[in-house]
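The values are calculated or read from the model by the stated rules, or taken from the named source; none is laboratory data. Note that the structure is a prediction, hence the values are computed from the model and not measured. A quick note on method: Cβ atoms are made from the backbone with ideal geometry, for glycine too, and the neighbour counts reach across all protein chains shown. When the accessible area is computed, the model is the full protein with side chains, heavy atoms only, and any ligands, DNA or RNA have been set aside. Shrake-Rupley method; radii C 1.70, N 1.55, O 1.52, S 1.80 Å.
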Amino acid sequence: MSKIFDLWNTVAGAFGPSGREDAVRETIAEIAGAYIDDVTTDALGNLICRKKGAKNGKKLLFAAHMDSIGVVATYIEDKGFIRFSQIGGLYVGDLLNIQVKFANGTRGVISYEEKTPLKDLTLDNLFIDIGAKNAEEARKLVQIGDFAVYEAPRFEQNGVLCGPYLDNRIGCVTLLLMMEQLADKEIENDLYFVFTAQEEVGLRGAGAAAFAVEPDAAIAVDVTDTGDLPEMKSAMAVELGKGPAVKVMDRSVICTPTVVDALEQAAKDCGVSAQREILLCGGTDTSALQKARAGVQAGAVSIPTRYIHSPSELCAASDVEDAAKLLTQYALQK
């Protein structure tokens, strides 16, 4: 297996839905500690890793959210089935008969009320089956308010990674690769690598982190959709394996043109083929970074990923490697 897979497998294996990122934060902090000068955690749970630069250098912030989507138990029925609500954006079609795992290790299967036609299913028609005989038995394993995440295998095959929570543990891996590449370099810019909390429920951590750091420029690293699948509803000029994507805009942000230009120049300087991204639906931490304090010059580098928010997300390892190279080159720009 590749180094990228091993890193992702380690980081993605930590339990970390939005608001419960502790295990992910601890895992990343342990890895990052070898490469940076200091590590802090703020009140929202953001992990802020700093590599100090020269006194007159720019202050640059790189952000990747470490939280994931998930579900939360809201009601336990008499027969032991658990009703739930969403943490972040969930799609019914991705949830039918899949496995989930609670923080205490309890596993279950999400199923649905079969008399309801599939086309009419909503989250209200779904439940989690943990094999309990009744509510009393279920409550010994799961309490109201317990969070759960996808439980599915992660694997590498033909140069692609597949499994749950590429979004956005693969962005976290990209920042860790950056740190490693910069570890032995004398740098002019003051670098902040921020692993943000609660992105999936409203970009909550990124704004607080950017407010505290006051960067000259901020770059979000996240996944993005691709337009290379059969019969796509909307055309999108991003393909798997064709390189990282430099974001131009999405529904929540228009990236700063000078930052877009600098990222594309960095790609040319290090020989990386970069794509341009316009995401028609959705957004990333970029929006919150840009609106911090009196405003921040902001951009984003995205990893092309298929089947986002499903238990079987898929990306190319080469795109991750090239994203780290591009961002390292950008971090070294004067």
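Number of residues in segment 269-287 that are modelled with pLDDT of 95 or more and hydrophobic (A, V, I, L, M, F, W, C): the value is 4. Being modelled with pLDDT under 95 and of a type outside the set (Gly, Ala, Ser) is the filter here, so list the residues in segment 205-249 that pass it. Scanning segment 205-249 gives Asp228, Leu229, Pro230, Glu231, Met232, Lys233, Met236.
On the stretch given as segment 145-158, residues that are of a type in the set (Gly, Ala, Ser), surrounded by fewer than 23 Cβ atoms within 10 Å (Cβ to Cβ) and within 20 Å of the chain's Cα centre (by Cα) total 1. Taken residue by residue, segment 308-325 has no member that is out of contact with any Gly (no Cβ under 8 Å at 6 or more places or on another chain), open to solvent by 50 Å² or more (accessible area, probe 1.4 Å) and of a type outside the set (D, E, K, R). Scanning segment 173-191 for residues that are open to solvent by less than 10 Å² (accessible area, probe 1.4 Å) and either over 22 Å from the mean Cα position of the chain (by Cα) or over 16 Å from Ala218 (Cβ atoms) (or both) yields Val173, Leu176, Met179, Leu182, Asn189. The residues in segment 231-279 that are among the polar types (S, T, N, Q), open to solvent by less than 40 Å² (accessible area, probe 1.4 Å) and either closer than 24 Å to Gly207 by Cβ or assigned to a loop (DSSP other than H, G, I, E, B) (or both) can be counted, and the count is 1. When segment 229-247 is filtered for residues that are among the hydrophobic types (A, V, I, L, M, F, W, C) and closer than 18 Å to Gly171 by Cα, the ones remaining, listed by number, are Val238, Leu240, Ala245, Val246.
None of Ser287, Ser302 is crowded, with 19+ Cβ neighbours inside 10 Å, of a type in the set (S, T, N, Q) and part of a strand (DSSP E or B) except Ser302. The strands (runs of 3 or more DSSP E) found entirely in segment 1-101 that carry 3 or more residues being open to solvent by 10 Å² or more (accessible area, probe 1.4 Å) and under 29 Å from Gly131 (Cα atoms) are 70-76, 82-87.
Restricting segment 102-140 to residues that are under 27 Å from Ala23 (Cβ atoms) and assigned to a loop (DSSP other than H, G, I, E, B) leaves a set whose member that is most open to solvent (accessible area, probe 1.4 Å) is Lys140.
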